[in-house]
Structures are given as structure tokens and as C-alpha cells.
Amino acid sequence: MISLPQTAPRVAKLTALSIGVALLATACGGSSTPTATTSAAGGAGGIACPAASATAGGSSSAAAEASVPASTTTTPTPLKIGSLLPTTGSLAFLGPPEIAGVNLGIKEINAAGGVLGKPVQVVHRDSGDTKTDIATQSTTALLGQGVSAIIGAASSGVSKTVINQITGAGVLEFSPANTSPDFTTWDDKGLYWRTAPSDVLQGKVLGNYMATCGAQTLGMMVLNDAYGTGLQKNVKEAFTSAGGQVVAEQLYNTGDSQFSSQVDALVAAKPDAIALITFDEAKSIIPLLTGKGIKPEQLFLVDGNLFDYSKDFKAGTLKGARGTQPGTFAKEDFKKSLLAIDPALRTFNYAGEAYDATNMTALAAEAAKSTKGTDIAKQLKAVSEGGEKCNTFPSCVTLLRNGKDIDYDGQSGPITFSDAGDPTEAYIGIYEYDDTNKPQPAKEEFGKL
């Protein structure tokens, strides 16, 4: 296993890496001032990750404006937004918080008078996963109802099946959770955008974080799709650049239900840490690993499976396991607002990104003075940078209607778009599982791409 004194030169090497990522003590509301975290807490198997910040979480400073000036331009065609988010399939656990984020955004937008003098309409459809054709059917239905923008999909693999259908129709596709690097160079006619950062960033953060925890060898269990292999590549590059060695890489396909052979191969390689780059298949994989003697402190999860497992596993099964999730930690007042929309929420994964995508679509429509998808897309970069900072629809639209340029920073953190529609800066949250198998905020890392 790990000889902890050997981690010191590796940490020094990490510090020297030019990756644009700085470790933060958790910053409520998205502080951009990095501070180093150097303390450690010992764990089984030699893993000793940097200690969690005592200030994780927090509350947003955002406040709605008391009054919003009426729009000087009205539209004969109300803004209609569709959502293409999972309520079935391997990412169904992501659907509720994302849908709640969209609905909260719509509620606040309409409470402030809507867009261009008309209430915003929303239509929800299931995206399913890549095992089915649900996404194509749902997209066809949404386009048939005349939506200008579609919030979704959550899965990069699913988006690849519908992106050409959506953008080819002149409709904006705005994903809150796609992280595949492939979309950066996709021929999308300027109509594909996302609030989640590319896995180039999450991969760097996770790979380097495992090394700072003292892991010298790494095993990886990877979903063989655009999301899984893209994240695998970036995790591997970061971990090996930090001086580590990847000793086992096991792939499986969407729809697989048996993982014993892959788990046996991982355990036989005796890695210090195991990265699980999966969706909800983790519910089957984790018990196999722990049953073979892998300790929870050796497990590192990702956004595709960073879930509340309190109802799935025996208490303590995941205590000390860690995982990464793009975006800042959900603020307490934001959680309360989401729970008012959906009291059954168990997690808040990508709720902020979905909320921000909804707000930015509405603000770009106001800036464009149009509800056409092509016009909205042309204003998204402008409302994300260079103007007066604001972080709610009422405050931002007030500035726009007063002739001001705006720079929207949202619940998911700072949002500044590249010409390709990618966030150029973002936070990656690091979570640690408690003895009830729920992920708790530990610290955040800020990075630029």
C-alpha cells in the first residue's frame, strides 16, 4: 500500500503543475480567491486526503429586486422552453434536481413579469438514456410544440443522439450537465451551450486530488461511452502527471448488469485508489468492491454517481469515500427554494446549472429582444461577461431594461462563456461520504480552461 512519506515530493510536483486549478477552502457564494489547504486526516489503506473545510456550504447573497421595470419591447410569441432531462434510465437520479432548477427559474422569471412582456412557458420531457430512443421521441415532441430552447440533456451520450436534430431546427440546446470534451468542437451552428465545464477540468481535479491523498497507484472502472471514456482520459493524464501509475482500467457498456470480472481484475491489481466513472451502476459495483476488502476511503466517485446512498447500502458502507461534482456547493437558501418546488429532493446535483441555463436563456432573449433560438444564442456570451455583475433574473433584467450591460454569475458559480459555448471557469466540488452514506461538502477547487 502507500508509504506516506513518499507523498511529499508528489505534492510538490502537483504545486508546480500548470493546470489552472487552485485548491480552495470552501467559498460560500463562489469566492475567487484561492487558499491552499495542507492539513490531512488519516484513512485506511494509507489514504490521507486534505482535511475538509469547516465552512462548507453557506448562503447566497442574491436578492430579488423589489420591482422590475416593464419591458419596452413586447413579443407576439412567448418564450417557450423545453426540458430534456432524465426521469427514467441510468441517470434518473439527476432528473429531479435539474427539473426543479428549471421550474424554480421559470417561477422567478414569471414572478418578475416574464420575458419581453409575456410569461415564459415550459414543457418537460424525459430524456431516458442511450439504451432507448426516448430522447429522440421527446425531442421530436418538443420541436413540434415550437420551443425556442431545450434545457438538456444531462447525459453527454444522449445529447450526441439529438444535438444535430435540435440545432438543425434552429433551436438552442443548453445542457446543465454535459461534460464531454467532444462538444467543444461540435458543428452546432452556434446553438449548443452548457453551464457544466468540460471534463478536462473535472478530470484534472480528480486525478490530482487522489494524488494529494497519497495514492500512488490507481484502478479505474469506466462506463464505455462519451462521458466515461472522456473523463477517464483526463483523470489518467492528471494522475500520471502527478507521479502516479494507473494499474488497472476496466470498461463496461451501458445496459450491463454483471461486473464481477471487472471488479476481480481491479482488486487483483491492488491499487491504492479506485475511481468509479459510472452512472447508477455504482449501486451494483460498490458492494462487490467492499465485499472484496476495498475500503471506502479508497473509493473516488464522480458526478455521474455522486448520490445519496442512504437507502441503498448498510450504514457506514461509504464512510470516507469521496467524489467530485462540477459546480459550487448548493447554498442553503437555494436548497430551500428547490425543496419548495420539489419536497422529495434527496440531492441537488446540477440544480444550479439547470437554474442558470434557464435564467441565461431568458436574459439572452431580453438582450436579443427576440424569442427565436438563433437570436437568443447570439446573446449568451454577452450576458455572461464584461458588464455589471448580477445573479438573479430580476436584478439582471432590471439592468438590461435600463440599458446596462450585464455579467451573470449564478448558483453554479461564475459563468463566462467561450466562443464554443463552454464555461471558461468553474468550481469543482469535492464531497466526502458520512456514516449514513450521504455525500457532504468538503472543499471546492476553482479552475480555468
Of the residues in segment 427-449, those that are more than 24 Å from SER310 (Cβ to Cβ), in contact with a Leu (Cβ under 8 Å, 6 or more places away or on another chain) and open to solvent by 10 Å² or more (accessible area, probe 1.4 Å) come to GLU445, PHE446, LEU449
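So in segment 377-392, with the set limited to residues that are of a type in the set (S, T, N, Q) and more than 14 Å from THR195 (Cβ to Cβ), which one is most open to solvent (accessible area, probe 1.4 Å)?
GLN379
Regarding GLN411, is this residue under 27 Å from SER180 (Cβ atoms), touching a residue at least 12 places away in the same chain (Cβ under 8 Å), open to solvent by 10 Å² or more (accessible area, probe 1.4 Å) and in contact with an Asp or Glu (Cβ under 7 Å, 6 or more places away or on another chain)? Steps first, answer last, please.
On the way: under 27 Å from SER180 (Cβ atoms): yes; touching a residue at least 12 places away in the same chain (Cβ under 8 Å): yes; open to solvent by 10 Å² or more (accessible area, probe 1.4 Å): yes; in contact with an Asp or Glu (Cβ under 7 Å, 6 or more places away or on another chain): yes.
When the stated conditions are applied, GLN411 passes them.
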Could you please tell me which pairs satisfy a Cβ distance under 8 Å, a separation of 6+ or placement on different chains, a first residue in segment 268-286 that is free of Cβ contacts under 8 Å to residues at least 24 places away in the same chain, and a second residue that is in a strand (DSSP E or B) and surrounded by fewer than 23 Cβ atoms within 10 Å (Cβ to Cβ)? ALA268/ALA248
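Considering only segment 106-129, how many residues are of a type in the set (A, V, I, L, M) and either within 16 Å of GLY89 (Cα to Cα) or not in a helix (DSSP H, G or I) (or both)?
Initially, segment 106-129 is screened for residues of a type in the set (A, V, I, L, M), giving 106, 109, 111-112, 115-116, 120, 122-123.
Now restrict to residues that are either within 16 Å of GLY89 (Cα to Cα) or not in a helix (DSSP H, G or I) (or both): 112, 115-116, 120, 122-123.
Number of matching residues: 6.
Of these, LEU116, LEU91, which one is modelled with pLDDT under 95, open to solvent by less than 30 Å² (accessible area, probe 1.4 Å) and touching a Ser or Thr at 6+ places or on another chain (Cβ under 7 Å)?
Numbers: LEU116 fails: modelled with pLDDT under 95.
Only one candidate passes the filter, namely LEU91.
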Name the residue, out of THR361, THR347, THR374, that is closer than 19 Å to GLY152 by Cα and open to solvent by less than 10 Å² (accessible area, probe 1.4 Å). THR361
Report, ordered by the first and then the second residue, all pairs with beta carbons closer than 6 Å, sequence separation of six or more or different chains, a first member in segment 246-257 that is of a type in the set (A, V, I, L, M), and a second member that is surrounded by fewer than 19 Cβ atoms within 10 Å (Cβ to Cβ) and in a loop (DSSP other than H, G, I, E, B). VAL247/ALA269; ALA248/ALA269; LEU251/ASN224
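Would you confirm whether any residue within segment 343-353 is over 30 Å from LYS314 (Cβ atoms), within 15 Å of the chain's Cα centre (by Cα) and either at pLDDT 95 or above or not in a helix (DSSP H, G or I) (or both)?
So the first thing to find is which residues in segment 343-353 are over 30 Å from LYS314 (Cβ atoms), and the list is 352-353.
Imposing the further condition that a residue be within 15 Å of the chain's Cα centre (by Cα) reduces the set to 352-353.
From what is left, the residues that are either at pLDDT 95 or above or not in a helix (DSSP H, G or I) (or both) are 352-353.
Yes.
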Among the residues of segment 260-282, write down those that are more than 24 Å from LYS131 (Cβ to Cβ), small (Gly, Ala, Ser) and in a strand (DSSP E or B). ALA273
Quick check, is ASP407 of a type outside the set (Phe, Trp, Tyr) and in a strand (DSSP E or B)? yes
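The values are calculated or read from the model by the stated rules, or taken from the named source; none is laboratory data. None of these values were measured; they are calculated from a predicted model. No Cβ is skipped: glycine too gets one built from the backbone with ideal geometry, and neighbour counts run over all protein chains shown. With ligands, DNA and RNA removed, areas are computed over all heavy atoms of the protein, side chains included. Shrake-Rupley method; radii C 1.70, N 1.55, O 1.52, S 1.80 Å.
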